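Encoded as structure tokens, the structure appears first; notes follow it.
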Amino acid sequence: MLKRIICTVTNDLNYDQRMKRICTSLQKAGYEVTLVGRERPFSQPLSEQPFRQVRLKGRFEKGFLFYAEYNLRLFFFLLSNKFDLVNAIDLDSILPCYLVSKWRKKPIIYDAHEYFTELEEVVSRPRVKRVWEWIERETVPKIPHGYTVSKGYAELFKDKYGVDYEQVRNVTRLQKLPANLPDEEPYILYQGSVNVGRGLDVLIKAMHSVENYKLYICGLGNLYDEMRILVRTEGLGHKVKFKGYVEPELLRNYTARATLGFTLFSDDGLSNRHSLANRFFDYLHHGVPQIAMNYPEYRRFNEKFEVAVLIDRLTVEEVSGAINRMLNNPRLISEMKENCLAARAEHHWEKDEQRMLKVFENAFNEHAGQAVV
């Protein structure tokens, strides 16, 4: 009988390319996988996947009531469904996973996609931060098996809680580059969540100083409406185009056609400073140079493969200056494109996938050994 794994997230499953990649890898490795997420008022029908998908309904969309309701519904879902291992993705779904795994005497893995207690939207609210820190203290030190997206995050968890989590990056699966791309006006691209801390307000304002290129924004998030208002307020409607949620295959086309990409983060919270975002790898896998922050993970990568211009401060002046320096230097863009293609041959999901599968194998083996004892 196949070993059953339940993975838990708090977002809409259709938009989570990372979890689709992880769950597909687990399913192909011989596990029976269920991915659990939330159903929202605007949720579209689930796309077909090789693993089972479940959406939990709820009344609330944000804040304390959303997390309380979702965690309660997830707790009862886990109690009423059989599993051999539960994979808690991020701190916002960890508590019910931890409690039910202990009650059932089943192994648990923590997927620390972000350093949750140091997210900008958490550190800016001391009361909220204290609640999440309590949850972290009560769970993470008792979960020896886990993985996280950057070396910096792994070191933070090791120093604070003594857990030794594997680094499994958000790298892109190795695929052929899209062919026969349609001709479009020249544009630069932001792809990803339109959320707090991604520097979108700065990037939008920087477009005042950028000529002959439009900015495409592909993605949704909690700042989507606010950013659309900002574009209107700044009189940039002719330069900034919002594409909303873009299906993965179409997004690949948008990415491959872009001249530049952006991996920007504010400096508020350790989560941003030690991030290694999936869009960083999405750009380089499509041969697209980018502007990124001069933070440890991006600096470490760029020292070996120069695929980005790194900026020290997230300001309108630095971002616009970096954009124009690159757009006015075709040779630099050409060299970085070649560097991107060289880097993707070495850094891709097929390698990190093996490290992730080893984490699950070790968790099952250790649990089997304890059961025998």
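Listed values, structure above:
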{"read-out": "Residue among 195, 212, 222 that alone is assigned by TED's automatic domain parsing to the domain that holds residue 276 and under 24 Å from residue 324 (Cβ atoms)", "value": "212"}
{"read-out": "Odd one out for residue 288 among (1) in a helix (DSSP H, G or I); (2) buried (at least 21 other Cβ atoms within 10 Å of the Cβ); (3) assigned by TED's automatic domain parsing to the domain that holds residue 263", "value": "(1)"}
{"read-out": "Meets criteria (modelled with pLDDT under 95 and either farther than 23 Å from residue 22 by Cβ or not aliphatic (A, V, I, L, M) (or both)) for residue 137", "value": "no"}
{"read-out": "Members of the stretch 89-99 that are assigned to a loop (DSSP other than H, G, I, E, B) and buried (at least 21 other Cβ atoms within 10 Å of the Cβ)", "value": "none"}
{"read-out": "Evaluation of residue 197 against (1) within 22 Å of residue 295 (Cα to Cα); (2) touching a strand residue (DSSP E or B) at 6+ places or on another chain (Cβ under 8 Å); (3) of a type outside the set (D, E, K, R) (one fails), failing number", "value": "(2)"}
{"read-out": "Some residue of the stretch 328-347 being part of a loop (DSSP other than H, G, I, E, B), touching a residue at least 12 places away in the same chain (Cβ under 8 Å) and under 22 Å from the mean Cα position of the chain (by Cα)", "value": "yes"}
{"read-out": "Some residue of the stretch 31-46 being in the same structural domain as residue 363 (by TED's automatic domain parsing), outside any helix (DSSP H, G or I), over 24 Å from residue 139 (Cα atoms) and modelled with pLDDT of 95 or more", "value": "yes"}
{"read-out": "Unmet requirement for residue 275, which otherwise passes all of (1) closer than 30 Å to residue 31 by Cβ; (2) in contact with a strand residue (DSSP E or B) (Cβ under 7 Å, 6 or more places away or on another chain)", "value": "(2)"}
{"read-out": "Cβ pairs under 6 Å, 6+ apart, first in the stretch 49-68 and assigned by TED's automatic domain parsing to the domain that holds residue 15, second in a loop (DSSP other than H, G, I, E, B)", "value": "53/46; 55/39; 57/39; 66/60"}
{"read-out": "Residues that are of a type in the set (D, E, K, R) and within 24 Å of the chain's Cα centre (by Cα), drawn from the stretch 59-72", "value": "61, 62, 69"}
{"read-out": "Test for residue 98: is it at pLDDT 95 or above and either in contact with an Asp or Glu (Cβ under 9 Å, 6 or more places away or on another chain) or within 25 Å of residue 12 (Cβ to Cβ) (or both)", "value": "yes"}
{"read-out": "Restricting the stretch 9-41 to residues that are among the hydrophobic types (A, V, I, L, M, F, W, C) and without any contact (Cβ under 8 Å) to a residue 40 or more places away in the chain, the residue that is surrounded by the most Cβ atoms within 10 Å (Cβ to Cβ)", "value": "35"}
{"read-out": "Total residues in the stretch 183-221, condition more than 20 Å from residue 308 (Cα to Cα), assigned to a loop (DSSP other than H, G, I, E, B) and over 25 Å from the mean Cα position of the chain (by Cα)", "value": "5"}
{"read-out": "Residues being small (Gly, Ala, Ser) and in a helix (DSSP H, G or I) - total across the stretch 291-305", "value": "0"}
{"read-out": "Given (1) part of a helix (DSSP H, G or I); (2) charged (D, E, K, R); (3) touching a strand residue (DSSP E or B) at 6+ places or on another chain (Cβ under 9 Å), index of the condition residue 243 fails", "value": "(1)"}
{"read-out": "Residue in the stretch 306-327 that is farther than 19 Å from residue 209 by Cβ and in a loop (DSSP other than H, G, I, E, B) present", "value": "yes"}
{"read-out": "Condition check for residue 313: basic (Lys, Arg) and either touching a Gly at 6+ places or on another chain (Cβ under 6 Å) or modelled with pLDDT of 95 or more (or both)", "value": "yes"}
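Yes/no per residue for (1) crowded, with 16+ Cβ neighbours inside 10 Å; (2) not hydroxyl-bearing (Ser, Thr, Tyr):
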| residue | (1), (2) |
| --- | --- |
| 78 | yes, yes |
| 87 | yes, yes |
| 101 | yes, no |
| 110 | yes, no |
| 134 | no, yes |
| 145 | yes, yes |
| 153 | yes, no |
| 158 | no, yes |
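Condition check ((1) polar (S, T, N, Q); (2) surrounded by fewer than 14 Cβ atoms within 10 Å (Cβ to Cβ)) across all residues:
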residue	(1), (2)
292	no, no
302	yes, no
315	yes, no
319	no, no
326	no, no
330	no, yes
334	yes, yes
339	yes, no
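The values are calculated or read from the model by the stated rules, or taken from the named source; none is laboratory data. Every value quoted in this text rests on a predicted model; they were computed, and no experiment measured them. In this analysis, Cβ positions are derived from the backbone assuming ideal geometry, glycine residues included, and neighbour counts consider all displayed protein chains.
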